[in-house]
1. By per-residue mean of other Cβ atoms within 10 Å, what is the highest-first order of 246-257, 409-420?
2. If we sort 279-291, 335-347 on the protection proxy, mean other Cβ atoms within 10 Å, highest first, what's the order?
3. Distance from the Cα centre of segment 290-312 to that of segment 102-169, in angstrom?
4. If you bin the C-alpha pair distances of segment 321-424 every 10 Å from 0, what whole percents do you get?
5. Any idea how far apart residue 355 and residue 341 come out in nm if each label point goes 7 Å out from Cα toward Cβ?
6. Quick one: if the Förster radius is 22 Å, what FRET efficiency do residue 115 and residue 177 give, using the C-beta to C-beta distance and rounding to 0.05?
7. Would you compute, from DSSP H runs of 4+ residues alone, the mean residue ellipticity of the chain at 222 nm, taking -39500 (n - 2.57) per run and dividing by the full residue count, rounded to the nearest 500?
8. Report, in whole Å, the centroid distance computed from the Cα atoms of segment 343-374 and segment 183-224.
């Protein structure tokens, strides 16, 4: 506990030091005054609180989930005032329920400013949701409130060392390549049965290549940095992952292909529609930790009111956590945002029509022992509505589950939740 307190004090001291320069109080005051309100709000909207040399990462201040309980800590990254060529970032957090420290430290070297080419290394000891999948090229995504996180209980712990390369191949094509070594230990009862052996923890050597293509966006160089000036659609993201057995102690050989496309249309009456297609395919000896769920966000409790929580941004609100896993899947989500109802200058609620569908399957389901789940070999469907921005960014959502996976009790197919949408 003394070590945790000392580490937290050190991080706060670094942040405080980056805000003030005892050798030149006047220059500090000038630097702080030069930050415009719009720029400051933009930093906050991206999840950072800027200081002179170090930007505090707001994602790590406080969170909650079913396994860790309250999770709190501190993190951040150096900014351009520190260096335009080098960057150092990291975080430390503590889970009160599991009584465990988690942390990460990383560094980057910028070798080509025009192409925004970075060589990165990192060391991470943390948790990851089983069945989750993330594209390396995704921009940093921050919300003041992460709804799905509250109810997740299936995590695996991993100690991961990575080396990677970010590179802007062209104005419209971004790439990221990464090689990692991971020790994976599920926090739940699980065995992966393979060739007469049962693995309850394992080592993985993974190579990833991720491409993001935005052919209809516009870009400009500003201060030698390529900036997106027009957010055009559709956007396409493709990622390939390869696990190598018997290389640097890796236990399994498998490969994964992940794909996503997003298309958004703005209509003349200021309404808009959003379509998101996501697909994934895993081939080979893939443990459950690296397979796919379908973004579930429903708690396994008896009544609708007991399941009342927060709706996610792109999650299936009527699908229960840990209900389905797949080694191949596809989801299609459609949202139509109607023109906001202008009741007054400050009260403009917005109605959103939503429908979601998922399809998947799994080979060799019997290999995954100790946990019960279904597959999505038939079409999963839900539809609903959201009424957003009723008060202080909060709203309400209603979703209904129908089709092949309709449950016998009517209320088990219904999800009634509140929403939270706040932008700076």
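A short reminder: the numbers here are calculations on the coordinates, not readings from a lab. The model shown is predicted, which means the values in this text are computed figures rather than measured ones. Every residue, glycine as well, gets a Cβ built from its backbone with ideal geometry; the counts of neighbours run over all protein chains shown.
1. On the way: 246-257: 15.7, 409-420: 17.2.
Ranked by mean Cβ neighbours within 10 Å, highest first: 409-420, 246-257.
2. Numbers: 279-291: 20.4, 335-347: 12.2.
The peptides rank, most packed first, as 279-291, 335-347.
3. Spelled out, the Cα-based centre of one part sits 25 Å from the other.
4. Bin by bin from 0 Å, the calculated values are 13, 34, 28, 17, 7, 1.
5. 2.3 nm
6. Values: r = 14 Å, r/R0 = 0.62.
Taking R0 as 22 Å, the efficiency between residue 115 and residue 177 is 0.95.
7. Values: 3 runs with 36 residues, N = 424.
It comes out at -2500 deg cm²/dmol, rounded to the nearest 500.
8. 21 Å
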